[in-house]
Amino acid sequence: MIRAIALFVIAFLAFGFRSEARAATASGVRKIQDIIIYKDATFYSAFPSVVRCADGTVLVAFRRAPERRAFGESGTSHTDPNSYLVSVRSTDQARTWSPEPQLIWAHPFGGSQDPCMVLLSDSSILCTSYAWALLNGDAATKINPALRHGNFCFLGGYMIRSRDAGHTWQGPVFPPHAPGEITLDPFNQPIPAYNRGAICEGRDGKLFWVAASNTRLSPRNSATHLFISRDRGTTWSYSCPVAQDDRVSFNESSAYQTPKGDLVVFMRTADFNDHTVVARSKDNGQTFDKWQDAGFKGHPHHALKLPDNRVLLVYGYRHPPFGIRARVLAPECDNLQTSQEIILRDDGGNRDLGYPWATMLSSSEALVVYYFNKADGTRHIAGTLLAIE
């Protein structure tokens, strides 16, 4: 009996491995190996993005904060007054990385989150982020609980820029607030627009950025809106709503332009069973069709154009087995519900992982970066190398 059960388990696992291999083979993506990009037991490292610069340097930006458990605290947090934006780089196709991170930006009022980089056609890098300010003593009790996270209040978003492959950064630039934004900063002003996700540079040089806004506090509800820049991110103008719903909240959005010119926005949801949703604009960001359920779980997303115009969509998976997943989409991103899911990692320690971002290293190899943990250990920046076939 025991032998029969053992054989069944082996057969089941083998079937799972074969299914995953078939999905990867059918999609033309093959996993090469997993790598560690940056890990330090004294720091909580998370929320990366990656670009391959014009000189071939691969730059990974992420948020680094103290590992609070080392100071006797009960756990780690996504809000910390000492969370800074830092970067590491590789000059050998992501095989080795600079050991000590370089500071990108330290917000004067609080801790920064989620550096989201986009490499523009003029070789400059635009990076968006947002920040939280710690409230000392009883100050937090004077602020509406819906407008804060524990003892932190939200500062909204900002942008910085590098013109030398991430060695130096200028800014910040503060974007306008989204329409209907009801969250106020400590100076009693609506917070600047913010987002975790990728800006898209269109074929006409415009930048398309999807930001979130809090439109209702109790129960909390958020919508997404499109901003457009015609001067490479120096100034922004509001265009239109992307997704809003009385029952579903939308946030953490990445934009992608298809070969036909459609703007496709991949969005994280709340109150929707963690389903991915998409919204599509067919008029260059003037209006969006009603959002659609993509039919699978996972968040947030990053879309990478492959050499043959297919799209590698990567996303975190915060359900057992915890890890990183991907799909290869048709050039127009119109096969979401029928695309095969590829498991890149399923060995995560818990749900505190993910937030992947991808770049091409060459015409036949891609790098997916994300933050990860094993057995609830140190959160670190890891990656997966993929062969594109």
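Some observations on this one:
- Computed label-point distance, nm, for sites Asn188 and Lys290 using a 7 Å Cα→Cβ extension: 4.2
- Over the chain, dividing the summed -39,500 (n - 2.57) contributions of all DSSP H runs of at least 4 residues by the number of residues returns a 222 nm mean residue ellipticity of -2500 deg cm²/dmol.
- If you run the Gaussian network model on the chain, springs between alpha carbon atoms under 10 Å, then out of Tyr238, Tyr38, Tyr158 the most flexible one is Tyr238.
- Over the C-alpha trace of region 86-153, radius of gyration and Dmax come out as 17.2, 52 angstrom.
- Measuring spread by the Cα atoms of region 235-312 yields a radius of gyration and Dmax of 12.8, 40 Å.
- Reducing region 194-211 and region 85-115 to their Cα centroids gives an inter-centroid distance of 22 Å.
- Exceeding the 22 Å Cα-Cα cut-off - candidates Lys260/Lys297; Lys305/Lys374; Lys31/Lys260; Lys39/Lys305; Lys260/Lys305: Lys260/Lys297; Lys305/Lys374; Lys31/Lys260; Lys39/Lys305
- Computed over region 149-225, the range of Cα coordinates on each principal axis works out to 43, 28, 19 Å, biggest value leading.
- Rounded to the nearest whole Hz, the Karplus-based 3J(HN,Hα) values (6.51 cos²θ - 1.76 cosθ + 1.60, θ = phi - 60°) of region 352-365 follow the sequence 7, 6, x, 6, x, 8, 10, 8, 7, 8, 7, 5, 10, 9, with x at glycine and proline.
- Alpha-carbon radius of gyration plus Dmax, which is the widest Cα pair, for the chain in Å: 20.5, 70
- Taking θ as phi - 60° and the Karplus parameters 6.51, -1.76 and 1.60, the scalar couplings of region 238-249 work out to 6, 10, 5, x, 9, 8, 8, 7, 5, 10, 10, 9 Hz in sequence order, x denoting glycine and proline.
- Reduced Cα scattering model of region 73-217, Debye log10 I(q)/I(0), q = 0.12, 0.17, 0.18 Å⁻¹: -0.57, -1.03, -1.12
- Using the Karplus relation 6.51 cos²θ - 1.76 cosθ + 1.60 with θ = phi - 60°, the per-residue 3J(HN,Hα) values for region 61-72 come to 9, 7, 9, 10, 9, x, 6, 5, 5, 5, 9, x Hz, with x marking Gly and Pro.
- Database remark: amide H of Leu344 closer than 5 angstrom to the amide H of Ile324, Arg325, Ala326 (H placed geometrically; neighbours at sequence offset of 5 or more, or on other chains; Pro and chain starts carry no H).
- Taking Pro101, Pro331, Pro259 as the candidate residues, the one with maximal mean-square fluctuation in a Gaussian network model of the chain, Cα springs under 10 Å, is Pro259.
- √(5λ) per eigenvalue of the Cα gyration tensor, region 262-389, largest first, Å: 25, 19, 12
No lab work stands behind these numbers, since they all come straight from the coordinates. Please read these numbers as outputs of a predicted model, since none were measured by experiment. All Cβ positions, even for glycine, are placed from backbone atoms using ideal geometry, and neighbour counts span all protein chains on display.
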